[in-house]
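I have placed the structure first, in the form of structure tokens, so that the comments after it can refer back to it.
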Amino acid sequence: MDKIQFEIAKARIRSKLINDLPSLQRFTSGVDEIGILKRELGKQRRIMPIRKLFHEIPNLLLTLKPCLMMSPLSVSLFLEADTYQFDTVIFDEASQVCTENAIGAISRGKQVIIAGDSKQLPPTNFFSVSTSSDNDFDTDDDEYDDTGAYESILDEAGLLPERTLLWHYRSRHEHLIAFSNAEIYKNSLITFPANIEKVPDNGVEYIFVRDGFYDRGGKKGNVNEAQKVAELVFDHFQKHPQRSLGVIAFGEVQQLAIDTAIREMRLRNQNFESFFKEDSEEPFFIKNLENVQGDERDTIIFSIGYAKDANGVFRMNFGPLSKSGGERRLNVAITRAKYNVKLVGSIMPTDIDIDRISSDGPKLLRAYIDFAINGAESLGREVTELDVTEYDSPFEEAVYKFLDRKGYKVATQVGCSGYRIDMAVKHPTLSGVYVLGIECDGATYHSARTARERDRLRQEVLENMGWKIYRIWSTDWIKDPVTEGAHLIAAINDAIANYDDSMSNEASNEAREDDSDAEDFVSINRKETSITDYGNPYGFAAALTTDLSALPRNTSGYLDITDCILAYVNNEFPIHYELLCQHLAPLYGNEKATIKVRREVDYGINRLHGKIIRKGDFLFPKGWEKITVRVPNSRKINHISIEELAEAMNTILNTVVGITREGLCVETTRVYGWQRMTKGIGASMNAACDLLVQQGRAQELDGKIVPKES
């Protein structure tokens, strides 16, 4: 009900706004605001300037767009103060807005909300000043006066009433925010632990470039380190093509060195050009400390650059990090990632002599390098689980001992912030993996201020991070521990049986078809006679397109997202989550699956709990029995489930007479319409063969794979 009320409110607002829209088809005298706008829309030349147009149609503009998103300078440039007044003006990233730039927008509002983080970047012109004056902190100009840090509107608003937002959502791995939470925010943030702790390319890691040195005289930066960063960029695209990527350098010189190294590698290998397109939702970038605030990517590669020179001398000069506010610049850079930070450097923590530096930035960098190398131990606390078993109550202790007697490996108080999961059951065979989080109604549960936070929000955040949560009520356990214990064991066994190891096998799941090497794929010669040349001998169903036109609509004429999801799942299961989002994007006026679309789809999937089943990235209807294989196919290999491929293989096996594993993989590849079996396709085909054997529907005899005799 709590979530439904938000959906109702959104629907009511949308309905009201639509009903308030004027009809553009009605007759107008040509001098009202609609007439002015229609006349301007029909012009090919002598078009009215935007400021004048907005001056002429203030009522119509705010009727069409009651909420405007503009920069502070754009407000002053396009909206006349005497013409426009807003009920509320909201500033985001206010720490970067100069006071003088904000005044114009503030004067146009009845109230103002100023949102920002005082621990992040102030307004600055660091690099513009250094460029124009030929003073760059990449040089040895220690006399440079850091006049680039200006007072922000956030500083000016310090005397206004404050509300602090403590929940941290961005990081999909708690290690990514643990350092900033401990060193910058003094453990005031509420962060949420990941359900997977020890998986490569997650959390924070340090990559040491042993032969890196800083070329001060030639202003080339750290060329060897830049080359390593370029190699990591291309390695990322190969291993994690579905993850977005950004590169951050300390200064402009190192940023340019990295850009040069990447461009040279692109010239040598042009198979990755699609990853450099700028029209994607989260395009690849190379930025520096001064202009990265507000950006986020799945993976961030962070290049320190500064190191000893060719003579082995380290000047202890860290550019903008050495000046006032350097610790804030570092805080911004290390909190840009959602999954993984790769800190690349040519120095070790002990190379930074804190006795020779007075500013906080380099000291914090030394601590962060130590954290990247040694993990949670460098913070003086364990990030994932406590060294000793602790409980919030005797009730939790009883549950823990019950599970311990049953032979399960259980961690207590999982997390590193003020919020911790009471208990987490470890996977019996996969190291560092939690299959089930257990929440009791103890101190952690009651610490939440509202029922919404206790019973919905925290669990939603955890489930979005991959957790499966099971809740135990103390009253139920005390009344009937035998029954409640049996329910708990059943939940654990179900979680283990249905655990999807997608995180640890992400590289293979996300593998992109790569034509870069002839050894990476098996060519399929379509000129050879094949049973697939004779139509559809296997009797596979024809491909279909799910039709939403017959679905019921609400009073406002809109489709219910849950009805749409259920229609796609029932017709096209198993359907990949990303493919589902792409299908539903047009309902929200988008061509691509944006964050908004994914949020709505996630909401719909949660509402369909009990009607659909999610296995990894694929959705099935509850109670499904047999997958329908449909051809021809237009999906990518990572959008087709192993179960579906196994079903296709089973049909082929029962039609042909004797076929090798490779032959079965090639034939299935042909059926799905691919001209060659790349590494990614081959891996999926072999996994489907293995599944077929595991299910007892096929067996391998004398080099052939054949149907299993019943």
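Where residues in the range 42-58 are of a type outside the set (Val, Ile, Thr) and under 39 Å from the mean Cα position of the chain (by Cα), which of them is surrounded by the most Cβ atoms within 10 Å (Cβ to Cβ)? Give the derivation first.
Step one: list which residues in the range 42-58 are of a type outside the set (Val, Ile, Thr), which gives 42-46, 48-49, 51-56, 58.
Add one more test, that the residue is under 39 Å from the mean Cα position of the chain (by Cα), and what stays is 51, 54, 58.
Working: ARG51: 13, PHE54: 18, PRO58: 16.
Residue satisfying both the conditions and the ranking: PHE54.
Limited to the range 551-596, what total is found for residues that are over 21 Å from ILE640 (Cα atoms) and among the polar types (S, T, N, Q)?
6
Quick one: how many residues across the range 74-105 are touching a residue at least 24 places away in the same chain (Cβ under 8 Å), outside any strand (DSSP E or B) and of a type outside the set (Phe, Trp, Tyr)?
19
Does LYS592 satisfy the criteria of being at pLDDT 85 or above and on the phi < 0 side of the Ramachandran plot?
No: the conditions fail for LYS592.
Considering only residues of the range 190-226 that are among the acidic types (Asp, Glu) and under 28 Å from the mean Cα position of the chain (by Cα), which is surrounded by the fewest Cβ atoms within 10 Å (Cβ to Cβ)? Show your work before the answer.
Narrowing the range 190-226 to residues among the acidic types (Asp, Glu): 197, 201, 205, 211, 215, 225.
From the residues that got through so far, the ones that are under 28 Å from the mean Cα position of the chain (by Cα) too are 197, 201, 205, 225.
Numbers: GLU197: 23, ASP201: 18, GLU205: 16, GLU225: 30.
In this case the residue turns out to be GLU205.
Yes/no matrix, rows are residues, columns are (1) outside the structural domain of ASP602 (by TED's automatic domain parsing); (2) at pLDDT below 50; (3) farther than 30 Å from PHE272 by Cα; (4) surrounded by 11 or more Cβ atoms within 10 Å (Cβ to Cβ):
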residue	(1), (2), (3), (4)
ALA491	yes, no, yes, yes
TYR534	no, yes, yes, no
PRO537	no, no, yes, yes
LEU548	no, no, yes, yes
GLU572	no, no, yes, yes
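Quick one: is ASP520 in contact with a Lys or Arg (Cβ under 7 Å, 6 or more places away or on another chain), at pLDDT below 80 and either of a type outside the set (A, V, I, L, M) or surrounded by 14 or more Cβ atoms within 10 Å (Cβ to Cβ) (or both)?
Details: in contact with a Lys or Arg (Cβ under 7 Å, 6 or more places away or on another chain): yes; at pLDDT below 80: yes; either of a type outside the set (A, V, I, L, M) or surrounded by 14 or more Cβ atoms within 10 Å (Cβ to Cβ) (or both): yes.
Yes, satisfied.
If the requirement is being acidic (Asp, Glu) and touching a helix residue (DSSP H, G or I) at 6+ places or on another chain (Cβ under 7 Å), which of these qualifies: GLU463, GLU439, GLU397? Give the derivation first.
Details: GLU463 fails: touching a helix residue (DSSP H, G or I) at 6+ places or on another chain (Cβ under 7 Å); GLU397 fails: touching a helix residue (DSSP H, G or I) at 6+ places or on another chain (Cβ under 7 Å).
The conditions single out GLU439.
Looking only at the range 31-63, count how many residues are among the basic types (Lys, Arg) and part of a helix (DSSP H, G or I).
4
Mind telling me which of the residues SER303, SER324 ends up being of a type in the set (S, T, N, Q), surrounded by 22 or more Cβ atoms within 10 Å (Cβ to Cβ) and either modelled with pLDDT of 90 or more or closer than 13 Å to PRO122 by Cα (or both)?
Answer to the check: SER303.
Look at the range 174-185 and say how many of its residues are part of a loop (DSSP other than H, G, I, E, B) and crowded, with 23+ Cβ neighbours inside 10 Å.
Total meeting the criteria: 1.
Hey, can you tell me all the residues within the range 481-501 that are closer than 27 Å to LYS615 by Cα and touching a residue at least 24 places away in the same chain (Cβ under 8 Å)?
The answer is GLY485, LEU488, ILE489, ALA491, ILE492, ALA495, ILE496, ASN498, TYR499, ASP500, ASP501.
Return the only residue of GLY539, GLY557 being in contact (Cβ under 8 Å) with a residue 60 or more places away in the chain, over 26 Å from GLU281 (Cα atoms) and not acidic (Asp, Glu).
Within the list GLY539, GLY557, the selection yields GLY539.
If I filter the range 113-128 down to residues being modelled with pLDDT under 80 and within 22 Å of LEU165 (Cβ to Cβ), which single residue comes out as surrounded by the most Cβ atoms within 10 Å (Cβ to Cβ)? Walk me through how you get there before you give the answer.
Of the residues in the range 113-128, the ones modelled with pLDDT under 80 are 121-128.
Remaining after also requiring within 22 Å of LEU165 (Cβ to Cβ): 121-123.
Details: LEU121: 26, PRO122: 21, PRO123: 19.
Looking at residues that are modelled with pLDDT under 80 and within 22 Å of LEU165 (Cβ to Cβ), I get LEU121.
Restricting attention to the range 271-291, and to residues there that are closer than 28 Å to ASP211 by Cα and in contact with a helix residue (DSSP H, G or I) (Cβ under 8 Å, 6 or more places away or on another chain), which single residue is surrounded by the fewest Cβ atoms within 10 Å (Cβ to Cβ)?
Residue satisfying both the conditions and the ranking: LYS287.
Exactly one condition in (1) at pLDDT below 85; (2) within 29 Å of the chain's Cα centre (by Cα) is not met by GLY682; state its number.
Result: GLY682 passes all but (1).
Here is a check on your reading of the model: is GLN695 loosely packed, with under 14 Cβ neighbours inside 10 Å and within 16 Å of GLU644 (Cα to Cα)?
yes
Would you say GLY109 is closer than 30 Å to LYS16 by Cα and free of Cβ contacts under 8 Å to residues at least 12 places away in the same chain? Reasoning before the result, please.
On the way: closer than 30 Å to LYS16 by Cα: yes; free of Cβ contacts under 8 Å to residues at least 12 places away in the same chain: no.
Against the criterion (closer than 30 Å to LYS16 by Cα and free of Cβ contacts under 8 Å to residues at least 12 places away in the same chain), GLY109 does not qualify.
Quick test of your reading of the structure: CYS67 fulfils all but one of (1) of a type outside the set (A, V, I, L, M); (2) part of a loop (DSSP other than H, G, I, E, B); (3) touching a residue at least 24 places away in the same chain (Cβ under 8 Å). Name the failing condition by number.
Every condition holds for CYS67 apart from (3).
Pull up the range 171-209, narrow it to residues that are among the basic types (Lys, Arg) and in contact with a strand residue (DSSP E or B) (Cβ under 9 Å, 6 or more places away or on another chain), then point me to the one that is nearest to GLY361 (Cα to Cα).
Top of the filtered list is ARG172.
Given (1) without any contact (Cβ under 8 Å) to a residue 60 or more places away in the chain; (2) basic (Lys, Arg); (3) part of a helix (DSSP H, G or I), where does LYS287 come up short, assuming only one miss?
The failed condition is (3).
Could you please let me know if ILE478 is in contact (Cβ under 8 Å) with a residue 60 or more places away in the chain, assigned to a helix (DSSP H, G or I) and surrounded by 14 or more Cβ atoms within 10 Å (Cβ to Cβ)?
no
The values are calculated or read from the model by the stated rules, or taken from the named source; none is laboratory data. Because the structure is a prediction, the values reported are computed rather than measured. Cβ sites come from the backbone with ideal geometry, for glycine too, and all protein chains shown count toward neighbours.
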